[in-house]
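Below: the structure, in structure tokens.
The values are calculated or read from the model by the stated rules, or taken from the named source; none is laboratory data. Everything quoted here is computed from the prediction, not taken from an experiment. Don't worry about glycine lacking a Cβ; one is built from the backbone with ideal geometry, like all the others, and counts go over all protein chains shown. When the accessible area is computed, the model is the full protein with side chains, heavy atoms only, and any ligands, DNA or RNA have been set aside. Shrake-Rupley method; radii C 1.70, N 1.55, O 1.52, S 1.80 Å.
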Amino acid sequence: MIRKYLAELTGTMVLVLLGCGSAVFAGTVQPFDPVGTLGVAMAFGLSVIAMAYTIGKISGCHINPAITLAMWFSERISSKDAVMYVLFQIAGAILGSAILYLLARNSGSVTTLTGANGYTSLIPAFMAETVFTFIFVLVVLGVTSKGAFENMAGLAIGLTLILIHIVCIPITGTSVNPARSIGPALFEGSEALRQLWLFIVAPFLGAAIAVLVWKRLDKPE
């Protein structure tokens with residue numbers, strides 16, 4: 001069983017390190033242009049695709065507590081595994097954030113050292129995180145359900161995450177993943193920690209709604 005938990009830790013670490021790393025170094029003064037919103041969105045999506053085909057056969061590649069919650073609600077994972085998945089995902093996010101913090105601390109970055117999430121307006125931020133997590137988890141439930149084209153699941157999930165980031169980055173920096181927010185916020189501190197609750201509550205709410213909707217959509221004729 002430990003293999004599954006370590007796979008979740010590793011996958012979440014890679015997601016945070018590469019996804020949040022692109023956001024951090026997009027603001028770094030370099031002789032080339034910053035990667036911009038599209039580049040950051042692709043970094044997150046491609047990280048998920050890479051991990052889906054790397055650790056998917058071991059743990060299912062949740063690397064996101066909201067997805068684990070949805071799988072638990074859908075009775076696709078035991079309570080014990082759900083708890084352990086979330087704990088190891090958070091640990092992986094913290095590890096990825098620690099590495100990123102050490103890399104960025106003296107890099108000349110003009111943005112953030114960890115790619116922490118944040119918002120300036122509460123209601124749009126809460127709505128965005130809820131709705132986009134709903135969409136993301138709904139896609140995950142669909143492409144991993146019985147009868148779906150499972151070989152394409154990782155690609156569909158990663159591409160969906162790219163689309164979500166393109167729209168949501170200007171609003172919150174895009175979380176849709178509590179672990180991805182917890183790790184960077186611990187190192188960023190200050191306002192990131194004060195706003196962290198939203199990036200836990202809203203994704204969990206969106207995931208729960210996605211489960212309810214999918215159960216209605218996936219009923220047999």
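A few points about this structure:
- Within the span defined as region 148-161, every residue fails to be at pLDDT below 95, among the charged types (D, E, K, R), part of a loop (DSSP other than H, G, I, E, B) and open to solvent by 30 Å² or more (accessible area, probe 1.4 Å).
- Residue selected from region 184-199 under the condition touching a residue at least 24 places away in the same chain (Cβ under 8 Å) and open to solvent by 50 Å² or more (accessible area, probe 1.4 Å), by the criterion farthest from the chain's Cα centre (by Cα): 191
- Qualifying residue in region 163-183 (condition: assigned to a helix (DSSP H, G or I), open to solvent by less than 10 Å² (accessible area, probe 1.4 Å) and of a type in the set (Val, Ile, Thr)): yes
- Sole residue being in contact (Cβ under 8 Å) with a residue 12 or more places away in the chain, surrounded by fewer than 17 Cβ atoms within 10 Å (Cβ to Cβ), of a type in the set (A, V, I, L, M, F, W, C) and assigned to a helix (DSSP H, G or I), chosen from 103, 95, 69, 46: 103
- Here is the figure for region 60-93: residues that are polar (S, T, N, Q) and under 16 Å from the mean Cα position of the chain (by Cα) total 3.
- Residues that are charged (D, E, K, R) and surrounded by 20 or more Cβ atoms within 10 Å (Cβ to Cβ), drawn from region 72-92: 81
- Of all the residues in region 160-208, those that are touching an Asp or Glu at 6+ places or on another chain (Cβ under 8 Å) and of a type in the set (S, T, N, Q) number 2.
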